[in-house]
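Notes to accompany the following structure.
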Amino acid sequence: MKNIFRDRATIEQDSSAGDTAVPDYSGTPFLVDYPCRITTIGGDETYRGRMLEAHLTHVVEGHYYEGITPSMRLNVTGGRHTGNYLNIVYTKLVEQPGLPPMWELQCRENVGR
């Protein structure tokens, strides 16, 4: 069977104080060496009123792990997207009969880090 999870990522959690506007991902990672498949889906931006709004840029698929939330980000450590930071925008649990549960993480690339 082919290994469909060729990418690797560290899932980082925000360790800043609750009243801080800027997230701090320097604390202990939530999950290291997470096997996943990263698919690029777009990457454009549009103006909404006076604000620039980024669209989703990547979908990350991988095994289900309890506790992954949209306040986290992925630091891609292996595969063709190595070095990218992907902010998780939306998490979707995918369940199919006879298969283990999977995550679909919809992300935006963080180019400013």
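We did not get these values from a lab; they are worked out from the coordinates using the rules stated. Please read all numbers here as calculations on a predicted model, not as lab measurements. Methodologically, a virtual Cβ is constructed for each residue, glycine included, from the backbone with ideal geometry; neighbour enumeration extends over all protein chains shown.
Out of the stretch 54-75, which residues are farther than 19 Å from Ser15 by Cα and outside any loop (DSSP other than H, G, I, E, B)?
Across the stretch 54-75, the qualifying residues are Ala54, His58, Val59, Val60, Glu61, Gly62, His63.
Pairs, please: C-beta under 9 Å, at least 6 apart or cross-chain, first residue among the polar types (S, T, N, Q) and in the stretch 83-101, second surrounded by fewer than 11 Cβ atoms within 10 Å (Cβ to Cβ)?
Asn84/Val111
Out of the residues in the stretch 1-32 that are of a type in the set (Asp, Glu) and exposed (fewer than 13 other Cβ atoms within 10 Å of the Cβ), which is nearest to Met102 (Cα to Cα)?
Restricting to residues being of a type in the set (Asp, Glu) and exposed (fewer than 13 other Cβ atoms within 10 Å of the Cβ), the top hit is Asp24.
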